[in-house]
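The values are calculated or read from the model by the stated rules, or taken from the named source; none is laboratory data. Values in this document were obtained by computation on a predicted structure and should not be read as measured data. Every residue, glycine among them, receives a Cβ derived from its backbone with ideal geometry; neighbour counts consider all protein chains shown.
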């Protein structure tokens with residue numbers, strides 16, 4: 001039986017490569033993307049097993065419209081791969097007053113996953129939350145400072161959002177223990193993801209990433225394992241074996257803050273209250 005997967009940010013980079021891999025395994029893949037033009041190009045490139053639907057994770061109204069379309073047009077979803085995110089973006093507030101990387105990378109992923117739970121439950125579905133090697137660089141935080149510009153830097157905020165993503169994945173798994181839905185966390189290490197845009201021609205600057213990054217197929221291997229392994233857990237993260245940077249897929253520990261039960265539960269409560277959404 002063919003399975004159906006939602007890949008957010010599936011129009012480029014890691015998301016596109018994951019979508020292509022899943023289609024080769026006979027999945028139908030829903031490309032959930034903000035950029036309409038690139039979403040349609042990716043849909044055309046991937047062929048008839050791909051369906052593009054617009055989704056802007058920074059806007060609750062867009063998430064609601066997306067979920068409504070999913071529930072009306074696709075009655076059973078097997079996989080949600082929460083991949084989309086902003087990287088190293090300068091300080092900017094969304095329409096709701098949230099810092100943009102927090103809004104997209106964390107709040108958007110949280111809102112989308114919870115709103116799709118009923119659908120995912122029908123097929124004993126799986127949620128795979130992307131995170132990043134950068135989570136290990138994140139520092140202790142105060143929940144009330146999530147949207148503050150004070151001491152903001154694009155890199156530190158990006159690191160922080162990936163810590164939040166990992167904490168979300170583990171706490172979501174705890175919340176769903178009595179259901180048929182499984183949860184996993186994964187990251188690709190350092191990957192030359194821009195080379196995975198076959199419908200665009202772009203030059204990659206020679207940089208740290210050029211010398212130390214791995215190819216796209218190696219990068220997506222931990223993610224594919226997180227999607228397809230029979231027994232998964234968000235207690236650890238699927239990642240490349242060698243220092244989490246490159247190599248064969250392996251299973252590694254999260255940033256140690258992820259295992260702080262009080263911190264993780266307080267984050268969940270704060271987020272649920274902020275978004276007025278809970279399980």
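Restricting attention to region 120-144, report how many residues are out of contact with any strand residue (DSSP E or B) (no Cβ under 8 Å at 6 or more places or on another chain) and in a helix (DSSP H, G or I).
Selection size over region 120-144: 7.
Picking from 53, 22, 57, which residue would you name as being within 14 Å of residue 82 (Cα to Cα) and either touching a strand residue (DSSP E or B) at 6+ places or on another chain (Cβ under 6 Å) or buried (at least 20 other Cβ atoms within 10 Å of the Cβ) (or both)?
Answer to the selection: 57.
Scan region 89-113 residue by residue and report those that are part of a loop (DSSP other than H, G, I, E, B) and in contact (Cβ under 8 Å) with a residue 40 or more places away in the chain.
Filtering region 89-113 for residues part of a loop (DSSP other than H, G, I, E, B) gives 89-92, 94-98.
Scanning region 89-113 gives 89, 90, 91, 97, 98.
Can you tell me how many residues within region 132-142 are buried (at least 24 other Cβ atoms within 10 Å of the Cβ) and either out of contact with any helix residue (DSSP H, G or I) (no Cβ under 8 Å at 6 or more places or on another chain) or within 15 Å of residue 259 (Cα to Cα) (or both)?
1
Filter region 25-45 for residues that are surrounded by 24 or more Cβ atoms within 10 Å (Cβ to Cβ) and free of Cβ contacts under 8 Å to residues at least 24 places away in the same chain and give the result.
Matches in region 25-45: none.
Name the strands (runs of 3 or more DSSP E) wholly inside region 164-279 in which the number of residues that are in contact with a helix residue (DSSP H, G or I) (Cβ under 8 Å, 6 or more places away or on another chain) and modelled with pLDDT under 90 is 2 or more. Walk me through it before giving the result.
On the way: elements: 182-186, 237-242, 246-252.
Here the list reads 246-252.
Could you figure out which of (1) part of a helix (DSSP H, G or I); (2) within 19 Å of residue 108 (Cα to Cα) isn't true of residue 147?
All conditions pass for residue 147, except number (1).
Do we find a residue being in a loop (DSSP other than H, G, I, E, B) and surrounded by fewer than 21 Cβ atoms within 10 Å (Cβ to Cβ) anywhere in region 155-163?
Scanning region 155-163, I find no residue that is in a loop (DSSP other than H, G, I, E, B) and surrounded by fewer than 21 Cβ atoms within 10 Å (Cβ to Cβ), so the answer is no.
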